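What follows is one structure encoded as structure tokens, with my remarks underneath.
Please treat every number below as a calculation from the coordinates, not as lab data. Since the structure is predicted, the reported quantities are computational estimates derived from the model, not experimental observations. Ideal geometry is used to build each Cβ from the backbone, glycine not excepted, and the neighbour counts take in all protein chains shown.
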Amino acid sequence: MLAETRKVVGTDVIGQKREIAKERRALFLRRVWANKMVVVGGVIIFLITLLALAAPLITQFTPYDLEAVNRLKPPNATHWFGTDNFGRDIFSRVVYGARVSLAVGLSVAIITGFLGLLIGMYSSFYRILDHILMRIADGLMAFPSILLAIAIMAVMGPKPINVVIAIVIVETPGVARIVRSAALVVKEQTYIEAARAQGASSWKIIWSHIAPNVLTPLIVQITYVFSVSMIIEASLSFLGAGIPVPEPSWGNILYDGKSVIQTAWWMTVFPGMFLLLAVLGSNLLGDGIRDLIDPQSNKAKK
């Protein structure tokens, strides 16, 4: 009888926990849908990603097809975005170029987030590492990001992987400093002192108690790095130091179009529009995520 009672009580507790979890998920989804910035930014990034992934299905031409007789044709039923000075289809190059920009932005955001978290956490906890790593970060941040990226690319050469490495080197110090600042605040909290008094190891304090409390500024900064990475990649490609031709890239297309901007406006308008939308969507998504994770920031703005 006692065993059956315990079983019934345990079942009720499990059922209540499931209901609570279900209500929390529903509440979170309602908050997401109520946040216009998350919805708009997420939709923009989703649509651009969908176009990039479906590029072979929605394009009639490859980004490398040359048609000399159709060079610099304005937008028409066959070439929706017109053609460039080599007769290549601009729509195909823009859509395939979205793959490059999104891949670079996502790769840089993930790597930079990981390295920034690692450097920032250990810098906040160990004074010697703080002096060494933060002085290196200060030295890198003393240079304008685009100039430092160009210098790195000049040494390493124009390759897609080198573009990612260059932007990671440029953006990691800023992320590390933000994580370090947030970690220093958390480090002084009472529960951290209590964990030390209970004999918790440094590794446990860093990754179990401090790290979860610095994820909010880290996530917001990662969305910023994502958008900045696309801008830097396009800038490097525009200057001839990024994605090598004939690989499609928004920066490459803008570079090809700058010499004929007065007669072939479509070569700069369409890739520039996609770059603008991608950066706008990423920034809106980042601001919306910040408001979802930290409601106090939204109240402060009001």
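What is the sum of charges around ALA149, taking Lys and Arg as +1, Asp and Glu as -1, for the other residues whose C-beta is under 11 Å from the C-beta of ALA149?
Spelling it out: positives minus negatives among the neighbours equals -2.
Where in the chain are the DSSP H helices whose C-alpha atoms run 24 Å or more along the long axis and whose mean Kyte hydropathy is at least 0.5?
36-53, 90-125, 160-187, 215-238, 266-293
Per residue and in Å³, how big is the convex hull formed by the alpha-carbon atoms of the chain?
Roughly 204 Å³ of hull volume per residue.
Sorted by packing (mean other beta-carbon atoms within 10 Å per residue), highest first, where do 65-78, 232-245 land?
232-245, 65-78
Note down the net charge around TRP266, summing +1 for each Lys or Arg and -1 for each Asp or Glu among other residues with Cβ under 14 Å from its Cβ.
+2
Counting Lys +1, Arg +1, Asp -1, Glu -1, what net charge surrounds PRO160 among other residues with beta carbon under 14 Å of its beta carbon?
Neighbourhood net charge equals 0.
Which FRET efficiency, nearest 0.05, do ILE128 and ILE219 yield, Cβ-Cβ r, R0 25 Å?
0.30
Taking Cα centroids, how far is the range 185-227 from the range 87-158 in Å?
23 Å
Give me the percent relative contact order of the range 53-128, please, defined on Cα pairs under 8 angstrom at least 6 residues apart.
Relative contact order, the range 53-128: 23 percent.
Ranked highest first by average number of other Cβ atoms within 10 Å, how do 163-176, 197-210 line up?
Packing order, densest peptide first, comes out as 163-176, 197-210.
Under a 5 Å amide H to amide H cut-off, with H placed in plane at 1.01 Å, what residues pair with THR83 once short-range neighbours are removed?
LEU72, LYS73, ILE90
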